[in-house]
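First comes the structure, then the notes that go with it.
The values are calculated or read from the model by the stated rules, or taken from the named source; none is laboratory data. Computed from a predicted structure; not experimentally measured. Because the Cβ atoms are built from the backbone with ideal geometry, glycine has one as well, and the counts that use them run over all protein chains shown. Side chains are part of the model used for accessible areas, which takes the heavy atoms of the whole protein and leaves out ligands, DNA and RNA. Shrake-Rupley method; radii C 1.70, N 1.55, O 1.52, S 1.80 Å.
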Amino acid sequence: MADIKIFKIETPLIKLDGGALFGVIPKWMWKNKYPSDENNLCTCATRSLLIDEGDRIVLIDAGVGTKHDKDELIYDFDGADNDLEINLQKNGYKPEDITDVILTHLHYDHCGGALKYNENKTKLLFSFPNANYHISKLQWKNALSPNYRERASYKPENIELLIGSKKLNLIENNKRLTKNIEIKIFNGHTQGLLVPIINYKNREIAFAGDLIPILALIPLAWISAFDVRPLEVIEEKEDFLNESYEKNRIIVFQHDYYNECCDLKKTPKGIRANNVFKLETIIKNDN
Ligand SMILES: [Zn+2]
């Protein structure tokens, strides 16, 4: 059996309003857990994972991409060190090599990089021309007719090319998608959020995505205002954290600029981060 390889792929940073990120939690409580600037903006990563299983090369999420206007007020696209294509290349991969793209959901900061414009900006293209794109059926429906609450997060140019495409695979239930990747579906952040769990040499690595976007949002009552159904997020986080603790999973934070991964411990207050580390420290990619 071919060995599995995993790479962290950074994509452009975004800046999120601290108030929105931490919801009803007052700033005096969160300010020591996550830095913000003079405009109350928090620098956030949009981290992707690449999983090479030999016959399948899977990318999880694709960041904001290059289609959007850099001047959009609260978002700061820092493309320099965080270019998806350059970071794939650094690890020896080309966009053509990707066989599967898992889009956890279709909010612009997760799927923007999956499509790009041609050189003179007249045509949309798939950034990964040979890949199938996996999205939950519930999320797909939600994105096609968005509610007012989420409307600004869905950009028509991120979805257009997928409509009617044979590359689109809609996922209806929790399932094993590839040899090493299991998919779980959650609905509190948005309808049909996918959380991929990777079996890496008998250790599970969960890509928490927007279920727990940053380490500081592990406590059950710490809920982001971006979540459409906060009470459901609490229940989902509780189940997910209990199961992840039992299984000694590694949690990967997609949006946490400062904390990439952690494992979990049980405390009197609930499940919390135990060791915080970079993904590289536990991944040994054999060549
Ligand atoms: Zn989201």
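Of 247, 269, all but one fail to be in contact with a strand residue (DSSP E or B) (Cβ under 6 Å, 6 or more places away or on another chain) and surrounded by fewer than 17 Cβ atoms within 10 Å (Cβ to Cβ); the exception is 247. Looking at this structure, is residue 149 more than 20 Å from residue 254 (Cα to Cα) and either surrounded by fewer than 21 Cβ atoms within 10 Å (Cβ to Cβ) or touching a Gly at 6+ places or on another chain (Cβ under 9 Å) (or both)? Spelling it out, residue 149 is indeed more than 20 Å from residue 254 (Cα to Cα) and either surrounded by fewer than 21 Cβ atoms within 10 Å (Cβ to Cβ) or touching a Gly at 6+ places or on another chain (Cβ under 9 Å) (or both).
Keeping to the stretch 82-120, report how many residues are away from the ligand (no atom under 14 Å from the Cβ) and part of a helix (DSSP H, G or I).
The total comes to 12.
Here's a check for you: in the stretch 192-224, which residue that is open to solvent by 50 Å² or more (accessible area, probe 1.4 Å) and farther than 19 Å from residue 50 by Cβ is farthest from the ligand (Cβ to nearest atom)? That would be 202. Residue pairs whose Cβ atoms lie under 7 Å apart, separated by 6 or more positions or on different chains, with the first residue in the stretch 139-164 and modelled with pLDDT under 90 and the second of a type in the set (Lys, Arg), are 157/67. Candidates in the stretch 15-29 are the residues that are out of contact with any Gly (no Cβ under 7 Å at 6 or more places or on another chain) and over 20 Å from residue 109 (Cβ atoms); of these, the one that is least open to solvent (accessible area, probe 1.4 Å) is 25.
If the condition is being part of a strand (DSSP E or B) and of a type in the set (A, V, I, L, M, F, W, C), then the stretch 234-287 contributes 250, 251, 252, 261, 262, 264, 271, 273, 276, 277.
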